[in-house]
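Student: Here it is, the structure in full.
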Amino acid sequence: MKWLLVLVLLYASISCSSTHTVDRIDAEAIQVEIKELVENPDKYKNKLVKFSGYLIGSEYSQYDDAEMFILCLADEPMNGELTQRIIFPEVKFKLRVAEDGYNDAVLKQCYTLSQKAGKLGLPVGVVGVYAPGHPYFYYQKGVDVYLQELHIDARMLNTDYDDQSKFSHDAPGTFKKVYKGGKKVFEVIKGLIP
């Protein structure tokens, strides 16, 4: 019985542990320009980079209880309304940046702020891992950068903040079920002992 209790407590401590990341990571990142990333992808592949660009477009959507935030940035300011920027063949240097997870409040805020930055013509700062050419959901060519921080004006959003897996989200309910089930089994065993 002691081993069962130890296993249950171990399960609870692992599943309820937080993955909060609140420290700024941009100090560790390599400062680079979008043009440099596009022209020399092998030099920065799988490295933490930081750069800024101007919004071509962004999207926020939900899938399987998780959320997805994607934005596309150009190295130069764009003209016209955001809705007119969907087709942009003349933009030579652009990158697609994405983040997905279970932290919908943060990702919604990223989307809202990126849209405002696009309307105002403000640069959007990005810190993330450069991984060009990887497929990502419905994008065949994928994303170029896996987002970790978004910088807009004086605001910084850590996109990994409060992001926990579905397993972590479900763990408290699972723990409760295991406890109740274990309690019933213990009561049955206790009733069998004379």
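The values are calculated or read from the model by the stated rules, or taken from the named source; none is laboratory data. As the structure is a prediction and not an experimental result, all values here were calculated from the model. A quick note on method: Cβ atoms are made from the backbone with ideal geometry, for glycine too, and the neighbour counts reach across all protein chains shown. Calculation scope for accessible area: heavy atoms of the full protein, side chains included, ligands and nucleic acids excluded. Shrake-Rupley method; radii C 1.70, N 1.55, O 1.52, S 1.80 Å.
Student: I'd like to know which of VAL106, HIS151, ALA117 lies farthest towards the positive end of the charge dipole of region 95-156, counting +1 on Cβ of Lys and Arg and -1 on Cβ of Asp and Glu.
Tutor: Highest projection toward the positive end goes to ALA117.
Student: Still on this structure: Heads up, I need the accessible area for ASP104: 1.4 angstrom probe, whole protein in place, Å², nearest 10.
Tutor: Probe radius 1.4 Å; accessible area of ASP104 about 60 Å².
Student: In addition: Need the full-extension length gain, LYS184 to GLU33, defined as separation in residues times 0.36 nm minus the C-alpha distance. One decimal, nm.
Tutor: The span from LYS184 to GLU33 would gain 48.2 nm if fully extended.
Student: With a 1.4 Å probe and all protein chains kept in place, how do LEU147, LEU122 rank by accessible area, largest first?
Tutor: LEU122, LEU147
Student: Would you mind checking LYS35/LYS108; LYS50/LYS119; LYS47/LYS119; LYS43/LYS119; LYS43/LYS94 for any pair whose Cα atoms are more than 26 angstrom apart?
Tutor: From LYS35/LYS108; LYS50/LYS119; LYS47/LYS119; LYS43/LYS119; LYS43/LYS94, over 26 Å: LYS35/LYS108; LYS47/LYS119; LYS43/LYS119.
Student: Also, I was wondering about something else. Could you give me the percent of Cα pairs per 5 Å distance bin for region 89-132, shortest bin first, beginning at zero and ending with the bin that holds the maximum distance?
Tutor: Reading the bins upward from 0: 5, 15, 23, 26, 21, 8, 2, 0.
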